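**Student:** Have a look at the structure that comes next, please.
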Amino acid sequence: IERFPGQIHPFFVKEEQLDRTRIKESVRQAIAKIEEYLELRKFDLIILDEILNAHAEHFCNVKDLARLIRKAGSQELVMTGRRAPASIIRKSDYVSIIKKCKHPYDRKQAARKGIEY
């Protein structure tokens with residue numbers, strides 16, 4: 001198997017550390033790092049997993065998201081999450097809505113490291 005030639009930067013907080021100020025600062029730092037990558041044109045594809053949820057929870061604003069899209073240029077920028085703002089949907093090339101039909105959560109199975117987080 002060929003090694004993935006990229007970098008992964010997890011920006012998440014454990015539930016016991018739910019300090020909204022700290023989370024907002026972590027998201028701000030992550031967006032700054034993403035902007036740096038976009039400007040360097042270092043990667044062809046950047047995936048911002050759950051960034052739309054960060055917006056929905058007011059950890060970043062629509063201007064941050066729009067700026068990332070603008071800076072991406074010809075690079076592929078993937079934003080996942082729920083409740084995408086209409087203005088971001090309009091600026092996006094692709095928009096998909098994925099509906100859960102069945103999930104281990106339905107059986108009260110907790111989130112698993114390496115799968116859900």
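The values are calculated or read from the model by the stated rules, or taken from the named source; none is laboratory data. Keep in mind that what you see is a predicted model, and the values were worked out from it rather than measured. So basically every Cβ, Gly included, is an ideal-geometry build from the backbone, and we count neighbours across all protein chains shown. Protein only, heavy atoms only, side chains kept; ligands, DNA and RNA dropped before computing areas. Shrake-Rupley method; radii C 1.70, N 1.55, O 1.52, S 1.80 Å.
**Student:** Could you give the size of the charge dipole of the chain about its Cα centre, using +1 on the Cβ of each K and R and -1 on the Cβ of each D and E, expressed in debye and rounded to the nearest 20?
**Tutor:** Rounded to the nearest 20 debye, it is 340 debye.
**Student:** Under a 1.4 Å probe, what is the accessible area of segment 54-101 per residue, stated in Å²?
**Tutor:** 75
**Student:** I need the P(r) histogram for segment 27-82: all alpha carbon pairs, bin width 5 Å from 0 out to the longest distance, whole percents.
**Tutor:** That works out to 5, 21, 34, 26, 12, 3, in percent per bin.
**Student:** With angles folded into 0 to 90 degrees, how steeply does helix 62-72 sit against the dominant principal axis of the chain? Use alpha carbons for both and round to 10.
**Tutor:** The helix 62-72 is inclined about 60 degrees to the chain.
**Student:** Share of the chain's accessible area from carbon and sulfur, percent, 1.4 Å?
**Tutor:** 53
**Student:** Could you work out, for the chain, what percent of all Cα-Cα pairs fall into each 10 Å distance bin, beginning at 0 Å and stopping at the bin that holds the largest distance?
**Tutor:** 11, 39, 36, 14, 0
**Student:** On to the next question. How large is ³J(HN,Hα) for each residue in segment 82-97, as worked out from phi by the Karplus curve 6.51 cos²θ - 1.76 cosθ + 1.60 (θ = phi - 60°), to whole Hz, x for Gly and Pro?
**Tutor:** 10, 6, 5, x, 4, 5, 6, 4, 5, 7, 7, 7, 10, 9, 10, 10
**Student:** Tell me which lysines have Cα within less than 23 Å of residue 33's Cα, excluding those fewer than 8 residues away on the same chain?
**Tutor:** 14, 24, 42, 63, 71, 91
**Student:** Follow-up. I'd like the per residue volume of the convex hull spanned by the Cα atoms of segment 52-113, given in cubic angstrom.
**Tutor:** In segment 52-113, the Cα hull volume divided by residue count equals 124 Å³.
**Student:** Collect residues whose amide H, placed 1.01 Å from N in the peptide plane, falls under 5 Å from the amide H of residue 46; neighbours closer than 5 in sequence don't count.
**Tutor:** 76, 77, 78
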